[in-house]
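Every read-out reported here was derived from the displayed coordinates using simple, explicitly stated rules and does not represent laboratory data. Quick caveat: nothing in here was measured; it's all calculated off a predicted structure. Neighbour counts run over all protein chains shown; Cβ positions are idealised from the backbone, glycine included.
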Amino acid sequence: MKNSIIGYPRIGRFRELKFWTEDYFKGNLSLDKLNENVSNLKIEQWKLLDQTGIDFIPSNDFSFYDGMLDMAVLLNVIPHSYKSLNLNKLDTYFAMARGYQGEKGDIKALPMKKWFNTNYHYIVPMVEEDTRIQLIGEEPFNEYEEALKVGIKTKPVIIGGFTFLKLAHYKDTKRIDDFVEDIIEVYKNIFERLNELKVEWVQIDEPILVTDLSRGDIEIFKTIYRELLKYKGKLNVLIQTYFGDIRDCYSEVISLGFDGIGLDFIEGEKSLELIKNEGFPEDTLLFTGIINGKNIWKNSYEKSLKVLNELSKHIKKDNIVVNTSCSLMHVPYTLKNEIKLPEDCKAHFAFAEEKLIELAELKEIFYDSNYINSNKYRDNTLQFMKKLNSNNSEVNKKIQNLTEKDFIRLPGFQERAKIQKDFLKLPLLPTTTIGSFPQTPEIKSNRAKFKKNEITREEYVKKIKEKIKECIEFQEKIGIDVLVHGEFERNDMVEYFGENLNGFLFTEKAWVQSYGTRCVKPPIIWGDISRVKPITLEYSKYAQSIASKPVKGMLTGPVTILNWSFPREDISLKEMAFQIALAIREEVLELEENGINIIQIDEAALKEKLPLRKSSWHGEYLDWAIPAFRLVHSGCRATTQIHTHMCYSEFEEIVKDIDSMDADVISFEASRSNLSIIEALNKNNFITAVGPGVYDIHSPRVPGVEEIIKAINLMLEKISKEKLWINPDCGLKTRGEKETFPSLKNLVEAAGKVRNKFGGCI
């Protein structure tokens, strides 16, 4: 028996990659030094994996920004508009990821979407009419040789051709079928190169296989691999899946002749059943995804061994490889960085580095016929017998006493809309932002000093209020209609709320990559959740007191707090969502009582835990996620306007469910997807007022007035002027003031010009 991991965090132990890359963007780090630093980081990680006892060590799982973008560049899927900038290779790559605005041109970034059911975002490859898919890069081969130089044989990791073609966007008339032959030829070339290097194993990632597939999809998949595997030579080919099971194509996968098949036994509901019912190839290795790559709780050896022992009834022990369920890039780097986390709490967790130890121990224990008496097994079992101090009887009673009326807001939407129009007196095409303003070094320094007790709370609050005042004055000066306080007191939209609720634990350096150089530090749900004090009231009241226009109260919704935290595993997601909803509901009602008449409850991550199979959408998720949001605002007065916001994802298929959230206004991140959400809203007779983002905040570009006017006019073709809001596509926290301020000025000017076409009427 051996062990393996699918991938490893690439940001570094202390987010080194983030800071190096951002220094490169600023011109403070040379390309040579960036590459040198990255090389050292990769070598350090390969050595760690080797020393920990990992048998199948991945390479080419590193990325400067995103793995799908890496594949696009490797396969020459680079749109002409980026090639025409005539930048160096890496800068062209970053232009595709971030956009470019400079002396060589002005171009937006490629679309960005959520990577399956995770909080990681990938760059969507753009396939043009004349795109010629061909191998033009060296990265997978160079990384293998780089590891070999330090004495480590690796397993190169490559996103599979089928997944790549399925996730790509086809700009013109061509579709996936038109590129099947090209993909086969490219991967033949890759196999040839790997054979020349005498690579023993290659991991081909095909996560798309865990989604709903048509017969046509399966035929394309079979066509690719039936042909491709003829050319594998001495190379052993592992087809790796994750985030679910491959029920639609299991029989095809096991019949194609792969040397290894990677299945997920954490989220793969039917993985074990498929093997029991349909068998498994005798000479094929099963890469058994038994270590959770998405959550931070320790692995229960007892539970894992039950699965492994059951598998060994159908598969030879020597053919079972203990594996992670997915890449470890979705969990923090190591618990060693957590100095302040109590030891009795830390004992329950395993981050990426600790999961390596679990893999090594499980491999060892599995081969021990008397493992029940082994110290490692006993220690692990005893740990799971320890009770968490997590229950709150009062919270549980509130959940049990919920009735249907707690999830219904009265009066209905149409009547509320009329009441709010008369009460708020907002202009046509009202302008606003999503909430956060740039977090300047000054703001970050103020927060750090307060956390270190270098300044008093009074000094800290004074600085925050000074910044709020500046923010309000700027917005009023440029003419924004609905203001925000800027959220200068917040480190993160989820962590901030978690810090002010019972039931959460927090880390110091448990960073996880969200996209590119953006990392988040998810809180840990440790116990039952409740609100003990006001969270946002002080700053919201202050902002409204100095403003002549409405100021939005800014909250994070229950589903997003849940989805962007590491959840408990001893109660249901539904129960946790309702606990959080009741806590945020208290905050909403207190804001309302204190004169905050517009309240935004962000559900940025609503779609994140949506099951990958449509048959499970409602029963397993939407039937509690949507009510959880309604529970938050159902007690509000008709005059209170409830907003929400949703981040990058494909919402088109759940538009009706989003409408049933019963918000008054919903904003979407839409600018990178060419506003495709608008058509879906129109087709489904969406009743909620909407603000599809008119420009992309994930890029440092400053959109021009005419560019924004064009976006607004496109929206007005499908959305009535009475229901359209004008806003950026997300919060501005990660942007600098130098691009934020002119962008917002242009947004207001553009909205005003379009508004004037209609007489500027209300």
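Before moving on, here are some points about what is shown:
- Placing a label point 7 Å from the Cα of residue 16 along the Cα-to-Cβ direction, the residues of the stretch 32-48 whose backbone N falls under 11 Å of that point are 36-46.
- Relative exposure of 212, 245, 659, judged by other C-beta atoms within 10 Å (fewest first): 212, 659, 245
- For 643, 121, the sequence from fewest to most other C-beta atoms within 10 Å is 121, 643.
- Evaluated with a Cβ-only charge set (Lys, Arg +1; Asp, Glu -1), the chain carries a dipole of roughly 1520 debye about its Cα centre, given to the nearest 20.
- R0 of 22 Å, Cβ-Cβ distance residue 537-residue 462: FRET efficiency to nearest 0.05: 0.80
- Projected label points at residue 222 and residue 639, each 7 Å from Cα along the beta carbon direction, are separated by 6.6 nanometres.
- Charged side chains reduced to their Cβ positions (Lys and Arg at +1, Asp and Glu at -1) give the stretch 494-610 a dipole of some 360 debye around its Cα centre.
- Separation between Cα centres of the stretch 586-602 and the stretch 302-334, rounded to whole Å: 47 Å
- Computed from label points 7 Å out along Cα-Cβ, the spacing between residue 136 and residue 575 is 5.4 nm.
- Within the stretch 102-140: backbone nitrogen closer than 13 Å to the residue 89 label point (7 Å, Cα to C-beta): 135-140
- Descending semi-axes in whole angstrom, ellipsoid equivalent of the stretch 287-347, from the Cα gyration tensor: 29, 13, 8
- Tail weight of P(r) past 23 Å, computed on alpha-carbon pairs of the stretch 56-240, percent: 43 percent
- MRE, 222 nm, helices only [DSSP H, n ≥ 4, -39500 (n - 2.57), over the chain, to nearest 500]: -12000 deg cm²/dmol
- Label point distance in nm, residue 476-residue 197, each placed 7 Å from Cα along Cα→Cβ: 6.1 nm
- C-alpha center-to-center spacing [the stretch 559-581, the stretch 169-191] in angstrom: 41 Å
- Under a 5 Å amide H cut-off, with hydrogens placed 1.01 Å from N, residue 556 pairs with 602 among residues at least 5 apart or on other chains.
- Within the chain, percent of DSSP bridges classed antiparallel, to nearest 5: 20 percent
- Net charge contributed by nearby residues that have their C-beta within less than 12 Å of residue 268 (K/R +1, D/E -1): -2
- Span-rule helices in the chain, defined as complete DSSP H runs reaching 27 Å or more along the axis (Cα) with Kyte mean at least -1.0: 31-52, 573-593, 737-757
- Taking log10 I(q)/I(0) by the Debye sum over Cα atoms at q = 0.08, 0.09 Å⁻¹ as calculated from this structure, the corresponding entry among [x] -0.67, -0.86; [y] -0.88, -1.12; [z] -0.81, -0.91 is [x].
- Counting other Cβ atoms within 10 Å as a rough exposure proxy, the listed residues 369, 81 run 369, 81 from fewest neighbours to most.
- Simple point charges give the picture: +1 on the Cβ of Lys and Arg, -1 on the Cβ of Asp and Glu, and for the stretch 56-240 a dipole about the Cα centre of about 280 debye.
- Our note on the geometry: Cα centres of the stretch 487-525 and the stretch 73-149, 29 Å apart.
- Difference of contour (0.36 nm per residue) and Cα-Cα distance, residue 546 to residue 370: 56.2 nm
- Sites residue 710 and residue 306, calculated FRET efficiency, Cβ-Cβ separation with R0 60 Å, nearest 0.05: 0.55
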